[in-house]
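Input: a single structure, listed below in structure tokens.
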Amino acid sequence: MTAPAPGRHSLPPGVHPFPHRHLLGIEGLLPHEILYLLDEAERWVDFNRAPAKADDRLRGLTQINAFFENSTRTLLSFEIAGKRLGADVVNMTVGASSVKKGETLLDTALTLNSMHPDLIVIRHDASGAVQLIAEKVDCPVLNAGDGRHEHPTQALLDALTIRRRKGRLAGLTVAICGDVLHSRVARSNFQLLGSLGAKVRAVAPPTLLGAQVDRLGVEVFTDMEAGLDGADVVMMLRLQRERMAGAYVPSTREYFHFFGLTAQRLAAAKPDALVMHPGPMNRGVEIDSAVADDIGRSAITEQVEMGVAVRMACLDVLTRTRRGVEGWA
Amino acid sequence: MTRLAIVNARLVDPASGRDSPGSLIVEDRAIAALDAPPPDGAEVIDARGAVLAPGLVDAMAFRTDKAACLAGGITRLLLMPDQSPPLDDPALVERAERLGKPDVWVHPLAAATVGLNGSEIAEIGLMKAAGAAGVATGRRAIADSGVMYRLLQYAAGFELPVVTHCEDVSLTKGAVATEGEYATRWGLSAAPAFAEALAIARDLRLAEATGARLHIAQVTTAEGVALVRAAKARGVAVTCGVTPPHMLLNESAVGGYRTFARLSPPLRAESDRQAVLDALADGTIDVIASGHDPRAQDAKRLPFADAEPGAAGAATLLALALSLVRDGRLPLLDVVAMLTTAPARVFGLPTPSLAVGAPADLVLFDPNAPWRIDSDRLPGRAGNTPFDGLPVEGRVLLTVKGGEAMRP
């Protein structure tokens with residue numbers, strides 16, 4: 001498999017490839033802007049596979065990763081992405097609850113802003129919280145997940161993974177399965193995949209779908225077999241532990257029985273269907289280990305790899321104006 | 001002794017049905033004469049054709065906010081029991097009643113349950129004796145149907161109207177928006193709009209069973225409106241109200257996570273808003289209230305779900321209600337009635353009127369004067385309004401309370 005050459009999508013004359021100060025969500029991005037980020041990410045994939053992985057384009061810039069919600073993987077991914085580009089990366093992890101007790105979110109934002117960061121990466125458990133902060137700070141803000149709303153870099157890395165494996169996005173059928181109601185990953189993916197011409201399905205028990213989710217441009221299934229039928233990509237979502245026992249579904253056992261991805265169930269999808277999961281996985285709840293670990297089908301570790309490349313691309317693009325890159329000032 | 005003559009006015013008096021040019025003379029805190037020449041020594045105010053009406057009676061306020069009332073032409077208000085501490089004790093009711101005098105008269109609504117906890121009925125008889133105009137469940141419904149049943153039975157014995165917030169408690173737990181495409185798109189936890197209909201249906205049935213007088217503080221959905229309309233048709237003693245946000249805005253106003261549009265009940269679908277307008281036009285909805293609930297900046301400058309619900313509304317009540325007249329839905333006389341005589345009737349207050357001998361509680365307003373609502377410049381405790389930036393027509397020129405003229 002050969003990676004597509006970077007910059008393969010030519011822009012119409014006079015169109016700026018990415019005229020946004022922040023990356024708060026996929027909503028509001030035009031298809032060519034999404035493709036631009038994917039193409040930019042593409043070049044970092046090979047770079048990351050080489051032994052010497054140091055670039056210095058963000059040297060002297062301060063990147064703050066402000067995580068108000070627990071995260072290991074995403075935080076690590078952003079930290080590595082920043083460091084590979086030469087940025088001074090600082091992590092601030094705060095439990096959202098301790099912020100509520102004292103300092104307000106905006107106070108925290110102003111405090112961060114006073115330290116003159118060049119980019120802030122934010123994760124928060126409330127929908128809209130990242131936008132709220134972005135309105136109050138002087139530097140670009142990158143949304144690393146806000147509540148149930150958006151998680152744009154996850155959708156970008158998913159798209160990059162699919163594109164590299166399948167060679168395209170347009171025309172593919174992507175089944176997004178599981179806790180759609182509470183998933184920012186699902187919302188960002190609905191927008192991104194739909195925008196690039198994929199046929200998107202939401203597959204979940206009715207309690208985990210969300211009202212009028214069909215209005216988000218997806219086809220809705222409450223039966224797993226039907227939802228997987230003929231799919232090119234099967235994207236599983238994580239079911240949070242607190243939603244398992246009786247609140248939204250009766251038990252993990254019943255959930256796995258009807259909505260867990262097993263090899264048998266996967267047979268309904270296309271023979272070469274790709275299996276994805278944003279992680280961390282609940283093995284035996286939404287996905288069977290045999291499927292998750294099937295190297296031929298599962299792209300789960302590749303998603304993690306693409307995550308770093310996508311985040312490097314986003315960090316690079318969002319700081320170009322600050323760095324005075326030609327054409328971006 | 002104050003003597004005031006307001007001349008060249010358009011007198012709008014729902015109590016008598018009058019809507020015609022005229023003048024009015026105030027002497028010794030009461031209306032002394034109509035359409036008579038100004039007496040010697042009186043302060044003469046030339047209304048230049050502006051509307052002179054009885055002072056507004058605000059059927060739902062969460063704060064006694066004199067500056068906002070003065071700017072809004074409100075001379076009496078029904079104060080919700082959600083105070084700190086809640087109005088669940090006769091002494092607290094007495095104190096609340098004195099709070100606004102002399103500029104605004106406050107009619108406290110007694111907390112239906114102790115501490116508004118929804119489980120133990122408060123001393124509503126004693127609170128009535130202390131001046132409570134009614135009983136209210138506060139910002140939330142009483143979840144326990146048994147408690148609500150006994151409350152209505154008991155309140156009926158004292159002939160106290162019971163004001164209820166109609167949203168099913170378990171369906172709306174944790175919800176900050178109305179279920180639907182918008183809430184799903186924005187990732188906000190939401191409750192179905194029928195949470196209102198469930199609560200209304202229950203309370204109507206309980207009111208019917210007990211003979212209590214029920215006042216539903218806010219009806220905001222098509223289903224809720226239909227239930228009230230049907231109940232009225234079969235003779236249930238029910239009245240209901242609405243606030244301007246549910247008349248003029250729908251759920252899309254929350255876009256961009258605007259916490260000023262975080263309200264309780266939350267904003268609804270456009271079809272619900274249209275049903276509310278129809279219900280105002282056909283008389284199903286009795287009163288338009290401000291729901292005045294100003295919030296400190298700290299309570300609104302938060303992520304949407306963490307922000308407190310509520311908006312300032314007293315200063316903008318009249319101008320926003322007048323949109324019904326401008327849009328040709330209701331004559332001015334009817335809209336003024338929904339702001340004056342209708343709420344007075346719900347709570348058994350003296351009928352606001354322009355009759356000779358009536359207390360001189362008046363509002364003089366220019367129904368056509370344009371202005372723009374600016375949350376940074378609203379009078380009162382705080383200016384968080386979902387109508388920030390909206391151009392409106394109708395400006396209060398003068399508020400008269402007990403014969404004292406006050407310019408906003």
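Volume per residue for the range B:264-408 equals 135 cubic angstrom (convex hull of Cα atoms).
Taking label points 7 Å from Cα along the Cα-to-Cβ direction, A:Trp328 and A:Asp229 give a separation of 4.7 nm. With a Förster radius of 45 Å applied to the beta-carbon distance between A:Ser114 and A:Asn48, the computed FRET efficiency rounds to 0.85. Centre-to-centre, using Cα atoms only, the range A:231-256 and the range B:356-379 are separated by 56 Å. When the trypsin sites (Lys or Arg not before Pro) in the range B:186-255 are filtered for DSSP coil states and for at most 14 other beta-carbon atoms within 10 Å of their beta-carbon, the remaining sites are B:Arg234.
From the Cα gyration tensor of the protein assembly as shown, with a ≥ b ≥ c the square roots of its eigenvalues, which class applies: rounded if a/c is under 1.5, or else prolate if a/b is larger than b/c, or else oblate? Here the protein assembly as shown falls in the prolate category.
Cross-linked pairs B:Lys300/B:Lys401; A:Lys53/A:Lys83; B:Lys66/B:Lys401; B:Lys173/B:Lys232; B:Lys66/B:Lys128: Cα-Cα separations exceed 21 Å for B:Lys300/B:Lys401; B:Lys173/B:Lys232; B:Lys66/B:Lys128.
Exposure here means at most 15 other Cβ atoms within 10 Å; with GluC sites (Glu not before Pro) in a DSSP loop as sites, the longest stretch of chain B lacking them is B:160-408.
Sorted from longest to shortest, the spans of the Cα atoms of the range B:90-248 along the three principal axes equal 49, 36, 29 Å.
Using only Cα coordinates, the Kirkwood hydrodynamic radius of the range B:278-354 works out to 14.3 Å.
With springs connecting C-alpha atoms under 10 Å apart, model chain B as a Gaussian network and identify which of B:Leu87, B:Leu330, B:Leu11 has the largest mean-square fluctuation. Taking springs between Cα atoms under 10 Å, the residue moving most is B:Leu330.
Around the Cα centre of the protein assembly as shown, unit charges on the Cβ atoms of Lys, Arg, Asp and Glu (plus for the first two, minus for the last two) sum to a dipole of about 1060 debye. An ellipsoid equivalent to the range A:180-329, defined through the eigenvalues of its Cα gyration tensor, has semi-axes of 31, 18, 16 Å when rounded to whole angstrom and sorted largest first.
Which distance in Å, rounded to a whole number, links the C-alpha centroids of the range A:173-201 and the range A:260-329? Result: 13 Å between the Cα centres. With N the number of residues in the range B:8-103, Rg(Cα) / (2.2 N^0.38 Å) evaluates to 1.38. Charged neighbours of B:Gly394, selected by a Cβ distance under 11 Å, balance to 0 (K, R count +1; D, E count -1).
Tally Lys/Arg at +1 and Asp/Glu at -1 over every other residue whose Cβ is under 14 Å from the Cβ of B:Arg326; what's the total? Here the charged neighbours net out to -2. Calculated on the alpha-carbon coordinates, the convex hull of the range A:170-228 measures out at 61 cubic angstrom per residue.
Structural descriptor for chain B: relative contact order 20 percent, calculated from alpha carbon pairs under 8 angstrom and at least 6 residues apart. What would the Debye formula give as log10 I(q)/I(0) at q = 0.10, 0.24 Å⁻¹ for the alpha-carbon point model of the range A:21-109, no solvent? Listed by q, the Debye log ratios stand at -0.37, -1.25.
Computed about the Cα centre, the dipole magnitude for chain A is approximately 280 debye when only Lys and Arg (+1) and Asp and Glu (-1) carry charge, each at its Cβ. Taken about its Cα centre, the range B:258-320 carries a charge dipole of about 340 debye when Lys and Arg each add +1 at the Cβ and Asp and Glu each add -1 at the Cβ.
Distance between the 7 Å Cα→Cβ label points at A:Asp88 and A:Ala247: 4.1 nm.
The distance from the alpha carbon centre of the range B:255-318 to that of the range B:94-124 is 23 Å, rounded to a whole number.
Dipole orientation for the range A:106-230: of the candidates A:Ser114, A:Ala129, A:Asn189, A:Asn189 has the Cα lying most toward the positive pole (charges on Cβ; Lys, Arg +1; Asp, Glu -1). Compactness check for chain B: Cα Rg over 2.2 N^0.38 Å is 0.95.
Quick note: the coordinates plus some simple rules give every number you see, no bench work behind them. Since we're looking at a predicted model, the values are computed, not measured. All Cβ positions, glycine included, derive from the backbone under ideal geometry; neighbour counts span all protein chains shown.
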